[in-house]
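This report refers to the structure that appears directly beneath it.
The values are calculated or read from the model by the stated rules, or taken from the named source; none is laboratory data. Not measured: the values here are computed from a predicted model. Reconstructed Cβ throughout: ideal geometry from the backbone, glycine too, with neighbour counts over all protein chains shown. The protein model used for the area step is the full one, side chains on, heavy atoms only, and it has no ligands, DNA or RNA in it. Shrake-Rupley method; radii C 1.70, N 1.55, O 1.52, S 1.80 Å.
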Amino acid sequence: MKRVRNRKITQEKSRRAVRHRRDLYEKVLNDMDTFIRQREYGRASELLLSTISNGIMTVNEIWRPLIALIQQQGRTADVGIFLDMIVSETKSRPPFIAEMERIFHSLLCGSEDAYTIAFTFVNDEGGKLAIAQGFLGIIITCLREVELYQVYGEKRNMAEHVFEHSEFANFVLTKQEEWQTTRYNLNNAEYHLRQARILDEEDDFFVAFHAQVLIALDRMEEAIEILEACYKRNKSIHVLRMLMSIDRKKADDQANRMLEYLELDPYAAEQEFCNTIEGVFESKKPAEYLERVLEIIVDRIERGDQEEHHKWRLLAIAVSYLRENGEQDIIEAVMGLRMEWWSTTYFRVHNFQRAPISERIVYMAVCAQQLLDLEHGHPVYGILSGDLSDNLAQFVNENIRII
């Protein structure tokens, strides 16, 4: 029988609770935030005063609840004064949030002090901060426009090319001219926006602003170059639309960009969608182009606006076109795996039974007849042979599959 070896038992030491300074910070800040949101300003003020008096936190850690308290009390005029005091205490400590807050507050108050504050900050401490450089460039650009409008009014020479097709950062800038006199120089704005992009190459926030300033400076090729580089790095719909707005390439190149846009956005404007797709069939593109277009139509059906009807019309036209041109393989490649679940969703019998006649239901019925082997008496046939307008009747006759 084996002997059991004795093991030395060590007595467990009593554990001592350690309160971390970070936990104390979070507790104080959470309590202060709760008091402010509950409009218990007296309690928030007492806690704030106690915290500062006892040295639990530095100004850099406590200033945001202080500003929030002042704003909640409706003392907007005092915010700038308090921020000035806070900035003087935190100006040498990254990430310089108080300085940026002071700039934004000046902008919201409609004060031109924003330029002086931003310029001083960039030259003193924020020269290596991309957001500071970028916003200084934007401030210069905006104040320049305000001043030129005040001096020249409608006589300004507005830049011809803006991002009219994009909903992002659409400036309307005055071109740089020798006869203009202004305190705010567009070349300076361009310099600071370029510095912002150099300092943070991964952040594309200032790209659109920079490109528009370059356009106003009549440096179109540089604007196109930075937008193309941005789009290559990040396939953004907005950046693509900016490129399409300003880059006057030949029609084929723009058609490719338009298709790429439709691939990225299944909710693109219906008119743009229809015009682009119809243009492809009219120009008789090669097979790989046609498969791409069919994928765009199908993707729009599956992910786009469910009430839209023209996507079903274009699907019917696409299937007819491909069959007539001997491209049945393309239909099979795109639709083959889909038909099993399409037949029980979009094309289920219930969708066509007693459905009121509309353009959408007629186009869907044509697609169902083209893509499925429907049994005799299916409600789709009743829709297609029903009382239709002349245009819909003609569409049905031109696109149904002859069995």
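Taking amide H positions as modeled 1.01 Å from N, with prolines and chain starts lacking one, the residues under 5 Å from Phe163 and 5 or more places away or on another chain are Phe171.
Distances between placed amide hydrogens fall under 5 Å for Thr174 paired with Ala159, all partners being 5 or more residues away or on another chain.
Backbone geometry of the range 277-287 corresponds, through the Karplus equation with coefficients 6.51, -1.76 and 1.60 at θ = phi - 60°, to 3J(HN,Hα) couplings of 5, 5, x, 5, 5, 6, 8, 6, 6, x, 4 Hz, x marking Gly and Pro. In the assembled protein chains, Ile357 presents an accessible area of approximately 90 Å² (probe radius 1.4 Å).
Full extension of the chain between Val349 and Asn30 gives 109.1 nm of extra length, using 0.36 nm per residue less the Cα-Cα distance.
Computed from phi, the 3J(HN,Hα) profile of the range 115-123 under the Karplus parametrisation 6.51, -1.76, 1.60 (θ = phi - 60°) reads 5, 4, 5, 5, 4, 5, 4, 4, 6 Hz, with x in place of Gly and Pro. Here the spin labels are modelled as points 7 Å beyond Cα on the Cα-Cβ line, and at Tyr149 and Glu375 they lie 6.8 nm apart.
Between Glu40 and Ala68, how high is the FRET efficiency from 1/(1 + (r/R0)^6) when r is the Cβ-Cβ distance and R₀ = 22 Å? Nearest 0.05.
0.95
A Förster radius of 45 Å, combined with the Cβ-Cβ distance separating Lys175 from Glu359, puts the computed FRET efficiency at roughly 0.45. Once the dipole of the range 227-374 is set up with Lys and Arg at +1 and Asp and Glu at -1 on Cβ about the Cα centre, which of Ser236, Cys274, Phe352 lies farthest towards its positive end? Of Ser236, Cys274, Phe352, it is Ser236.
With 0.36 nm allotted per residue and the present C-alpha distance subtracted, the Asp218-Leu337 stretch has 37.7 nm of extension available. Converting phi to 3J(HN,Hα) with the Karplus coefficients 6.51, -1.76 and 1.60 and the offset θ = phi - 60°, the range 202-213 yields 7, 9, 9, 4, 8, 4, 5, 4, 4, 4, 5, 5 Hz in sequence order, with x at every glycine or proline.
The ellipsoid that matches the Cα gyration tensor of the range 254-402 has semi-axes, each √(5λ) in whole angstrom, of 25, 16, 15, with the longest given first.
Distance between the pseudo-spin-label points of Asn123 and Arg75 (7 Å out from Cα toward the beta carbon): 3.2 nm.
Net charge near Arg194: determine it from the other residues with C-beta under 13 Å of the C-beta of Arg194, scoring Lys and Arg +1 and Asp and Glu -1. Overall, the nearby charge balance is -3. The chymotrypsin sites (Phe, Trp or Tyr not before Pro) of the range 177-260 that DSSP puts in a loop, and whose beta carbon has at most 16 other beta carbons within 10 Å, are Trp179, Phe205.
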